[in-house]
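J.: Just dropping this structure here.
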Amino acid sequence: MSAPLMQATGLTLNFGRIRALDDVGISIWPGEVVAIVGESGSGKSTLLRVLSGQAQADAGQVLYDGQDVGAMTEAGRRRLLRAEWGFVHQNPRDGLRMAVSAGGNIGERLMAQGNCHYGNIRKSAASWLQKVEIEVDRLDDLPRTFSGGMQQRLQIARTLVTEPRLIFMDEPTGGLDVSVQARLLDLIRALVAELGLAVLIVTHDIAAARLLAHRIVVMRHGRVVEEGLTDRVLDDPQHPYTQLLVTSVLAA
Amino acid sequence: MYVSVKGGEQAISNAHAWLAEARRGDAALPELSVEQVEQQLTLAVDRVMAEGACADRGLAALAVKQSRGDLIEAAFLLRAYRTTLPRFGGSLPLDTGAMRLQRRISATYKDLPGGQLLGPTFDYTHRLLEFSLAAAGEAPPPAPEMEPEEPGPPPRVTALLAQEGLMAAEPEGDDDTPPPDLTRDPLSCPASRALRLQVLARGDEGFLLGLGYSTQRGYGNNHPFVGEVRMGEASVEVVPPELGFAIDIGDITLTECQMVNQFKGSLTEPPQFTRGYGLVFGHNERKAMAMALVDRALRGAELGEDGGAPAQDEEFVLYHCDNVEATGFVEHLKLPHHVDFQSELENVRAMRAAQQ
Amino acid sequence: MTYSYAFLDEATKRMIRRAILKAVAIPGHQVPFGAREMPLPYGWGTGGIQVTASIIGRSDVLKVIDQGADDTTNAVSIRRFFARTAGVATTTHTAEASIIQTRHRIPERVLQPGQIIVYQVPMPEPLSRLEPRVVESTKLHALADYGLMQVRLYEDIARHGRSASAYNHPVMVNGRYLMSPSPIPAFDNPKMDRMPALQLFGAGREKRIYAVPPYTSVKSLDFEDHPFDPIRAPHPCAICGATDSYLDEIVTDDVGGRMFVCSDTDHCEERAP
């Protein structure tokens, strides 16, 4: 097997007396979808922030493609975030420019990479709108005229347009109606498979994890309590906490 | 045939002549002397010294007269004059604890060592127009003088709290690094507290008042109490390099406000009080108090408080509180912009043509 | 009392010259400097005045224009300031000037090696409308992360069919730094490219100096398929007949009468019959 795309070891992070991360290790290989599940406060969102370089751990190391993310300059990290990585926020408003048209939102990463042919940028933006099932005639509309589900699909188009190697998703279906969630999950699954992307997705929704992920990492109180292939973890959970999660006894 | 407007030079001279005439007013009345301004419009002079960043009452009074009482214009005149002065060096930190007080009040204690000293304040006057002032009259009799209860300068309220360990210690300054000098180097953010206080000290009174007020109305509340407001004279000391020891070069009047703010504590710090600080040339409590509120609001990030209110936004506050900068940029809109407007005009025409 | 030569004291002028040298060494990069309060208000050209005051020598010949004209009130005022404080010769002829201080225009006559043009700049930061935070926009320059600016241009074309910035249209200097050309009309932008004269920019209130050394590439931001396309009023000058100069529109009556004349008064007078 090839080297992992990202590999983290021994991540520890304290907020005062609260241990947000406790000796966490995690790896992801190219083309793989890994779900990090756990209830609120389990440390899964903090882990995502540390892995994507937006927060610094007290101890431990994150390697991306062999480079130490914690030791990178801000310039290096920003370059990764706008070229090789993508981040899909739970609230689309955090990931979109609300005062910029849908086309401008999708085109931004292309332009940041030096693409300066208006026609080509517009063509890519239109084709990505179609891919995320938004009418092409909405290309020049502002995101605030879109529904919540459409905004989230627009954020995904904006992130995937440059086909980054690694996508971080933080509860991408949170805050959406159940019927809208299902459609979005189908869309993410199809796009990820088509483009062969590596995705680290944080979710408290076991059904979403089952649908999307190849592997599942279960977190509780800042620790990884169980990990393995999705079917194995969900059909034959070993850790008592995982068993509770799977039987949905715990409120997420 | 069209001939473009000429005669800018003549027009400017004429305008200046008119300005001089308007400044003088009715020539049948005696001219206002600079000394009268300095003695009788003292608070206007104080404000101009503070915002003009130059402690010279005579020059500030001249600026007030020259600006026809436009205090921002007067501060600007003083700043421009200041530019022409060489910088000899910095003074030692002023010992405001040893100030010869004219006024000292605390809102946090009913009575305290050193007592409450009201001084020349408007606080308890009834705001009724005194028509007797409209007629020239005798000078008022001298105010009665009280002996201080205890000799020597009274202790600071914040020091009383500190004795109990209830006042957060100020981070120790680094004596080897000279403080930044806003008058020599441009502002840059994030700014040290020393630099922030310099910006606020010469910031616009009205702007700081509005910002301070906004913190009281819920935009970044920090539970303020006036620990102490003191106004009086402090000695200015410098150490000339050729002497190597401090000499006293004179006194300046200052108003200082130490605002005491509740702080719930964090994971590393116990609950205690924190300080907002205001210091301003002359007698100006409004400015000193507003400055202290804004200083405390700007410490929000350092103390781990939720930010987001205008007064807590360092870049927003510091870049917009200088009234000489602000008035220049706002008023420059009246300079001709017809070249830019022309290109906008052509552009709008082109866009309309493209639409049709 | 007497004021220093060109108003500023010598230490301040040296500090400004150091900033200018740094700016010339890093074309298009904004160098912070300790701008002083000047006897003219912020917004009236204090940055340009400080730059001029720091470089002007007794043998210099100074031309000052505002909106292209030598006789606008602010140009008159600044010219008079230097005549008084530095005692230098002044001129209205572009060809005779060694230093040209300008607000909002570049003269029509091609500037020559050895000449210096000093621009008065109100907002030096080209990203300020998109990113008002100075700390953040400084980072974007450091990383040459200019996607945001291109997005703005994209939005203009998507909405209006063309770039909506008719003046102060951002430029890329030496292929590295995004720069505000100051509020000159887009018509003047091409004159900045590989100009033989030294171009200095002073922003007093914002306390920045930047520069474009002679013969440096200055490219107006655009798209390959929507090239930069400045507009000029489609008329000849009513006085000199020029068809290639930037024009002021003069409203001659209140029933829609108007005429177009050169904004560069010196250029127009030289050509006029």
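J.: If Lys and Arg each add +1 and Asp and Glu each add -1, what is the summed charge of the other residues whose beta carbon sits under 13 Å from the beta carbon of C:Ile231?
T.: -2
J.: Rg (Å, one decimal) plus Dmax (Å, integer) for the alpha carbons of segment B:1-142?
T.: Gyration radius and largest Cα-Cα distance of segment B:1-142: 21.9, 83 Å.
J.: Follow-up question, since we're still on this one. Helix-only mean residue ellipticity at 222 nm, chain A, DSSP H runs n ≥ 4 weighted -39,500 (n - 2.57), per residue, nearest 500. What is it?
T.: Numbers: 10 runs with 98 residues, N = 252.
Taken over chain A, the calculation gives -11500 deg cm²/dmol.
J.: Show the residues, 5+ positions off or on another chain, whose built amide H is closer than 5 Å to the amide H of A:Leu5.
T.: Amide H to amide H, under 5 Å and 5 or more residues apart or across chains, A:Leu5 pairs with A:Ile28, A:Trp29.
J.: Also, I was wondering about something else. Of B:Phe88, B:Phe281, how do they rank once you tally other Cβ atoms within 10 Å and put the fewest first?
T.: Ordered from fewest to most neighbouring Cβ atoms within 10 Å, B:Phe88, B:Phe281 come out as B:Phe88, B:Phe281.
J.: Further question on the same structure: How high is the relative contact order of segment A:194-251, in percent, counting Cα pairs under 8 Å that sit 6 or more residues apart?
T.: Relative CO of segment A:194-251 lands at 23 percent.
J.: Label chain C by shape, choosing from rounded, prolate and oblate, from the square roots a ≥ b ≥ c of the eigenvalues of the Cα gyration tensor; if a/c is under 1.5 it is rounded, and otherwise prolate applies when a/b is larger than b/c, oblate when it is not.
T.: Oblate is the answer for chain C, as a/c is 1.5 or above yet b/c matches or exceeds a/b.
J.: Summing +1 for each Lys or Arg and -1 for each Asp or Glu, what net charge is found among the other residues whose Cβ lies under 12 Å from the Cβ of B:Arg299? Please report the intermediate quantities before stating the final value.
T.: Details: positive: B:Arg193, B:Arg196, B:Arg275, B:Arg296; negative: B:Glu170, B:Asp295, B:Glu302, B:Glu305, B:Glu314.
Computed value for this residue: -1.
J.: Could you give me the percent of Cα pairs per 10 Å distance bin for segment B:9-82, shortest bin first, beginning at zero and ending with the bin that holds the maximum distance?
T.: The percentages, shortest bin first, are 22, 44, 28, 6.
J.: Next question. Rounded to the nearest 500, what is chain C's calculated 222 nm mean residue ellipticity when only DSSP H runs of at least 4 contribute -39500 (n - 2.57) each, over all residues?
T.: -8000 deg cm²/dmol, from helical runs alone.
J.: What's the local net charge at B:Asn222, with K and R +1, D and E -1, over the other residues with C-beta under 9 Å away?
T.: Net local charge, B:Asn222 excluded: +1.
J.: Report the relative contact order of chain C, percent, no decimals, based on alpha-carbon pairs under 8 angstrom and at least 6 residues apart.
T.: 22 percent
J.: Same structure, new question: Under the Karplus relation 6.51 cos²θ - 1.76 cosθ + 1.60, θ = phi - 60°, what is the ordered set of whole-Hz ³J(HN,Hα) values for segment A:6-14, x standing for Gly and Pro?
T.: Running phi through 6.51 cos²θ - 1.76 cosθ + 1.60 with θ = phi - 60° gives 9, 9, 10, 9, x, 6, 9, 8, 10 Hz.
J.: Using all alpha carbons of segment B:219-274, what is the percent of pairwise distances in each 5 Å bin, ordered from the shortest bin to the longest?
T.: 4, 15, 13, 13, 11, 10, 10, 11, 9, 3, 0
J.: Going by a ≥ b ≥ c, the root eigenvalues of the Cα gyration tensor, does segment C:1-130 fall in the rounded group (a/c under 1.5), the prolate group (a/b larger than b/c) or the oblate group?
T.: Rounded, since a/c falls under 1.5.
J.: At 7 Å along Cα-to-Cβ for each site, give me the label-to-label distance between B:Ala136 and C:Glu249 in nm.
T.: Between B:Ala136 and C:Glu249, the label points sit 6.0 nm apart.
J.: Another question, if that's okay. Just to check I understand the Karplus step: with θ = phi - 60° and J = 6.51 cos²θ - 1.76 cosθ + 1.60, what whole-Hz values come out for segment B:282-289, glycine and proline as x?
T.: Listing the rounded values in order: x, 9, 7, 5, 4, 5, 5, 6 Hz.
J.: Which of A:Ile106, C:Ile49, B:Ile252, C:Ile20 has the fewest other C-beta atoms within 10 Å, and how do the rest follow up to the most? List each step's numbers first, then the result.
T.: On the way: A:Ile106 29, C:Ile49 26, B:Ile252 17, C:Ile20 23.
Result, fewest neighbours first: B:Ile252, C:Ile20, C:Ile49, A:Ile106.
J.: Residue by residue, what Karplus-based ³J(HN,Hα) values in Hz, rounded to whole numbers, does segment A:92-109 have, using 6.51, -1.76 and 1.60 with θ = phi - 60° and x for Gly and Pro?
T.: Karplus-based 3J(HN,Hα) across segment A:92-109 equals x, 4, 6, x, 10, 8, 6, 9, 10, 4, 4, x, x, 4, 5, x, 4, 5 Hz.
J.: Over the protein assembly as shown, what number does the Rg to Rh ratio reach, with both radii from the alpha-carbon atoms and Rh per Kirkwood?
T.: On the way: Rg = 32.7 Å, Rh = 32.0 Å.
Rounded to two decimals, Rg/Rh equals 1.02.
J.: Test of understanding: ordering B:Lys65, B:Lys110 by Cβ neighbours within 10 Å, fewest first, what list do you get? Don't skip to the answer; put the middle values down first.
T.: Values: B:Lys65 19, B:Lys110 7.
Arranged by neighbour count, lowest to highest, B:Lys65, B:Lys110 become B:Lys110, B:Lys65.
J.: Let me ask you something else. Kindly provide log₁₀ I(q)/I(0) values, in the same order as q = 0.08, 0.13, 0.14 Å⁻¹, from the Debye equation applied to equal alpha-carbon scatterers of chain B.
T.: Results for chain B at q = 0.08, 0.13, 0.14 Å⁻¹ read -0.52, -1.19, -1.33.
J.: Among the lysines, which have Cα under 25 Å from the Cα of A:Lys123 when same-chain residues fewer than 8 positions away are ignored?
T.: Hits, sequence-local ones excluded: A:Lys131.
J.: When the scattering of segment C:232-273 is computed by the Debye formula from its Cα atoms alone, each counted once and equally, what is log10 I(q)/I(0) at q = 0.17, 0.19, 0.28, 0.33 Å⁻¹?
T.: -0.41, -0.50, -0.91, -1.13
J.: Related question: Leaving out same-chain residues fewer than 8 places away, which lysines sit with a Cα under 27 Å from that of B:Lys334?
T.: Those lysines meeting the cut-off are B:Lys6, B:Lys65, C:Lys63, C:Lys207.
J.: Explain nothing, just the number: dipole magnitude of chain A about its Cα centre with +1 on each Lys and Arg Cβ and -1 on each Asp and Glu Cβ, in debye rounded to the nearest 20. Intermediate values should be presented prior to the final figure.
T.: Details: 26 positive and 28 negative charges, 122 e Å.
Rounded to the nearest 20 debye, it is 580 debye.
J.: If amide H atoms are built 1.01 Å from N in the plane of the peptide, which residues on other chains or at least 5 residues away come under 5 Å of the amide H of A:Gly228?
T.: Under 5 Å from the amide H of A:Gly228: A:Ile216.
J.: Here's another thing I want to ask about it. In degrees, nearest 10, range 0 to 90: what is the angle between the Cα axis of helix B:338-355 and the longest Cα principal axis of chain B?
T.: 70 degrees
Bear in mind that the values in this text are calculations on the coordinates, not laboratory data. This one's a predicted model, so the numbers in the text were calculated from it and none came from an experiment. Counting neighbours? That spans all protein chains shown, and the Cβs are built from the backbone with ideal geometry, glycine included.
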